[in-house]
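Any read-out appearing in this document is the output of simple, stated calculations on the displayed coordinates, not a laboratory observation. Because the structure is a prediction, the values reported are computed rather than measured. Here the Cβ positions follow ideal geometry from the backbone for every residue, glycine too, while neighbour counts run over all protein chains shown.
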Amino acid sequence: MSDSAKLANEVEIKIEAPRLGEPFLLTPGPLTTSYDVKKAMLRDWGSWDADFSAMTADMRKRLLALTGDTKGELDCVPIQGSGTFAVEAMIGSFVPKDGKVLVFANGAYGKCAAETVEYIGRDLVFIDKGDYFPPRGDEVTAALEADPSITHVLAIHCETSSGILNPVEEISEAVYAAGRKLLVDSMSAFGAVKLNYEEIRYEAMVSSANKCIEGVPGFGFVIARKEELEAAKGNCHSLSMDVHAQWATMNKTGQWRFTPPTHVVAAFLEALKAHELEGGVAGRGARYEKNRDVMVDGMRELGFETLLRDRWLSPIIVTFFCPADTNFVFSKFYDLMKGKGFIIYPGKLTVVDSFRVGCIGQMDEHVMRNVVMAAKETLLEMGVADASPPETALKERAKLAA
Ligand SMILES: *Cc1c(COP(=O)(O)O)cnc(C)c1O
């Protein structure tokens, strides 16, 4: 048994069924949060008050403790808005106006990052690998050799649109071997998948409140090298998204520059405490891995097939091919699953029909067993005898090397 699996077994996490008949959200955020997290929002905080500033400081400290940075090289800057706002803030603040960004995309979030680079007027080199093929280290090396003017590489850690866990370690090695800088969108992975700064170097990374830390939506955060934060002065195209300015003000006054999502921060602090009690990144990751394994094993027994081979499956969200059986209609499957208390997620592949099931949020293996039971009953109700995918889907998958 791995250390993280042991840890998860030792720590008992209390998973409560959502109250008020709410369904479980098997989605990659917003996700099902604990009652304590929701309860933390029942109080109002003054954004200028010292009590709230102390909460912001505590939150930043707790987030930094998850990075594995023992030398104090990193700092944490929260940014109002959803995760995409933080991605835009990171690109706009750390890439100088004459910089050039290489984005390897293998899904919607990679494409969105590339669009952001163009939107804010930085030079872009875009390599689209399709729906899910991972960018490999040697490909990054080749692309950087081909274009010495590339200053930054932007990598997506877990590409949530397929659920693939991209090889950031390999990418980071290739980027720094070529003397360039790495920015990471670790939105859906941070807090559950190891991204140890001392093993995997980056200049900056982003995540948000409503993913693996299990808070509610309302802000994202940038974690960056202090040197880069200093150097970011004057880069940003936007006043409200200027990470340097937010950082400098926060360090000086303890406050956010514009109205902070106070209730969301209070909920997030509660979520961070629960994350620590569960055993931090290792404990949280182990629960999600167990969720994935139980759910994937059960779905495979029903005949469903995953888009990705095991080596690329993240513990965040899993893509399944829709069954070939003509009785299977996704919208009907969705509604029937919802009626049984589980909200699943549509697929995002362009070539074959698919759907996704998330493994993150306040859920454990018992919940995941019930998800599989619900899927089994739903197939019966729909008259689908066999959940196997069409040949075209399997051919598509065969292209992805083990
Ligand atoms: C969730 C997510 C984002 C941000 O999405 P928002 O809808 O803006 O919160 C960005 N990148 C990845 C990989 C994500 O999973």
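Measure nothing but the geometry: give the 0 to 90° angle between the long axis through the Cα atoms of 83-94 and the longest principal axis through the Cα atoms of the chain, rounded to 10°. Once rounded, the angle reads 30 degrees.
Over 22 Å apart at the Cα level, from the set 61/211; 111/181; 61/100; 252/273; 332/395; 111/194, are 61/100; 252/273; 332/395; 111/194. Give the distance, in whole Å, between the Cα centre of segment 374-394 and the Cα centre of segment 140-199. Centre-to-centre distance over Cα atoms comes out at 36 Å. Taking a Cβ cut-off of under 13 Å around residue 131, the surrounding Lys, Arg, Asp and Glu residues balance to a net charge of +2, with basic ones at +1 and acidic ones at -1.
Run the reach check for residue 129 against aspartates and glutamates, Cα to Cα strictly under 16 Å, same-chain hits fewer than 8 apart removed. What comes back? Result set, ordered by chain and number: 115, 138, 139, 159, 396. Assuming charge only on the beta carbon of Lys and Arg (+1) and of Asp and Glu (-1), the dipole of the chain about its Cα centre is about 500 debye to the nearest 20. Extending 7 Å from Cα along the Cβ direction at residue 146 and again at residue 301 yields two label points whose distance is 4.7 nm. Once both labels are positioned 7 Å from their Cα atoms along Cα-to-Cβ, the gap between residue 115 and residue 340 label points is 3.4 nm. Inter-label distance, residue 231 to residue 309: 3.8 nm, where each label sits 7 Å from its Cα along the C-beta direction. Loop-located trypsin sites (Lys or Arg not before Pro) across segment 90-166 with a Cβ neighbour count of 14 or fewer within 10 Å are 97, with loop assigned by DSSP. Between 171, 343, 120, the GNM of the chain built on Cα springs shorter than 10 angstrom shows 120 fluctuating the most. Of the chymotrypsin sites (Phe, Trp or Tyr not before Pro) found in segment 25-65, the ones in coil according to DSSP and having at most 12 other Cβ atoms within 10 Å of their Cβ are 48.
You can think of it this way: the chain between residue 138 and residue 177 has 12.9 nm of extra reach, that is 0.36 nm per residue less the Cα-Cα gap.
Give me the net charge for the shell around residue 189: Cβ to Cβ below 14 angstrom, other residues only, Lys and Arg +1, Asp and Glu -1. Charge balance near residue 189 sits at -1. Gain on full extension, evaluated as 0.36 nm per residue between residue 369 and residue 54 minus their Cα-Cα distance, stands at 109.3 nm. Overall, segment 184-242 carries a charge dipole of about 100 debye about its Cα centre when +1 sits on the Cβ of Lys and Arg and -1 on the Cβ of Asp and Glu, all other atoms neutral. Relative contact order for the chain: 24 percent, from Cα pairs under 8 Å spaced at least 6 residues apart, divided by residue count.
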